[in-house]
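S.K.: Below is one structure. I have some questions about it.
No lab work stands behind these numbers, since they all come straight from the coordinates. The model shown is predicted, which means the values in this text are computed figures rather than measured ones. Please note: Cβ atoms are built from the backbone with ideal geometry, for glycine as well, and neighbour counts cover all protein chains shown.
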Amino acid sequence: MSNIEKLTEALRRTPNDKNWKSFSKNLKKSGIEYYKIIFANEGKLNRMQDITKSIVELYDSKYRLITTVPLFIKTGKKVDGATSYLIGLSVLNGDQK
Amino acid sequence: MIKQDLKSLEEKSIYIIREAKLKFNNVAALWSMGKDSTTMLALTRKAFLGKVPFPVIHIDNSIDFPETYKFRQDLAKKWHLNLIVARSEIKPDLVGSACCGKNKPETLKKVMKEHGFDALIVSIRRDEHGIRSKERYMSPRDKEFRWDFKNQPAELWDDYSSKLDTAGHVRVHPLLDWNEIDIWRYIKQENIPMNPLYFSRNGYRYRSLGCTHCTIPIKSGAKNVSEIIKELETTKTEERSGRSMDKENEYVMQRLREFGYM
């Protein structure tokens, strides 16, 4: 299992600040360049599950999907968005197939 | 609308920003890292010899674009901004007008109260939306942030309404007369740093920036400021066509602004 896979697993299990920091530090090293946010419930965030079920797809420079991570960070009972941990990446718009 | 040259727009905006600084005790500016509020900061720097002499507030709901966070980080450092990041709690029922109508104004109320600001510079333009065209350069809000748009004082001969009759604050709008293309022409003229999301990649770009869940890109090949200006000279699409809350219904923006939306 590669380092980024381990970090992704940790993040999926426990999306806390510590795991997000470790993941964020390794983003560039793992060749990830682009992100795409996939909101649950077609972007109609009506319930907390719609936020916690939303994900971020991460791609390399050739638009190959590397991994997916949750969109949020959980601190105790508080839920925040985690997009600030993706600083340095670019949004992937359109079809790059 | 009478076409105005950039010089006269710049002069009027600088006059309004200086008036705000002079007339109020504790001024702050809202910064969303978009083209308008970044231009407002550039105008402020011009007005005060290269400095932004008041705090700059970002209402951060923690799901802004990563590029926006990076832009905030870089420009705040470069321009030595006194940046206040007001974290808006993430809640269900976030989408569109519920997010902008409840979460953001609540967070803004909190930060304004905490710091005791009596004036807030907001970079709205009249041409953005019908309801924004009803705004004044200086527009009072009550303590609940409510805007009584049916009862506003006239602003004759640059005599702006700066008196507070209530325990509220005054919204200052130095960019009211600008339109979208003026902003881009000024960005080009002054070489103002800009959020990279505005520029096309893979055939798409963002024309109006909000949070990730309520903003969608438009098809565009404009990769730099000159190409954006060229595109705007011929486009027939509305600027905020990529903003979901504007589509909810005709009066949603009126309701939002009445109850405190920026």
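S.K.: Strictly over 28 Å apart at the Cα level, which of B:K23/B:K110; B:K70/B:K104; B:K23/B:K143; B:K12/B:K70 would you flag in this model?
M.R.: B:K12/B:K70
S.K.: Dividing the convex hull volume of the Cα atoms of segment A:3-91 by its residue count, what figure in Å³ per residue is obtained?
M.R.: On the way: hull volume 7.7 nm³, N = 89.
Cα-based convex hull of segment A:3-91, divided per residue, equals 87 Å³.
S.K.: Can you spot the aspartates and glutamates whose alpha carbon is less than 19 Å from B:K78's alpha carbon? Ignore those fewer than 8 places along the same chain.
M.R.: Straight-line reach from B:K78, under 19 Å: B:D36, B:E67, B:E190.
S.K.: Once you list every other residue whose beta carbon is under 15 Å from the beta carbon of A:K6, what net charge do they have if Lys and Arg are +1 and Asp and Glu are -1?
M.R.: Net charge around A:K6: +4.
S.K.: Also, I was wondering about something else. Quick one: which of B:K21/B:K46; A:K28/A:K74; B:K7/B:K46 span more than 20 angstrom between C-alpha atoms?
M.R.: Cα-Cα > 20 Å for A:K28/A:K74; rest within.
S.K.: When each pair of different Cα atoms in the protein assembly as shown is counted once in the 1/r mean, what is the Kirkwood radius in angstroms, to one decimal? Numbers along the way, then the final one.
M.R.: Values: mean 1/r = 0.0467 Å⁻¹.
Final number for the Kirkwood radius of the protein assembly as shown is 21.4 Å.
S.K.: Which of the aspartates and glutamates could be linked to A:K77 by a straight reach, that is with a Cα gap under 17 Å, when you skip same-chain ones fewer than 8 residues away?
M.R.: Once the sequence-local aspartates and glutamates are set aside, what remains near A:K77 is A:D17, A:D50, B:E89.
S.K.: For segment A:47-55, in order, what is each residue's ³J(HN,Hα) by Karplus, 6.51 cos²θ - 1.76 cosθ + 1.60 with θ = phi - 60°, in whole Hz (x at glycine and Pro)?
M.R.: These are the phi-based 3J(HN,Hα) values: 10, 4, 4, 5, 7, 6, 9, 6, 10 Hz.
S.K.: If I histogram all Cα-Cα distances within segment B:183-235 using bins 10 Å wide from 0, what percent of pairs lands in each bin?
M.R.: Calculated P(r), rounded to whole percents: 25, 55, 20, 0.
S.K.: Also, quick follow-up: Quick check on my link table: of B:K35/B:K109; A:K78/B:K113; B:K35/B:K219; A:K25/B:K102, which ones sit more than 28 Å apart, alpha carbon to alpha carbon?
M.R.: Distance filter (> 28 Å) returns A:K25/B:K102.
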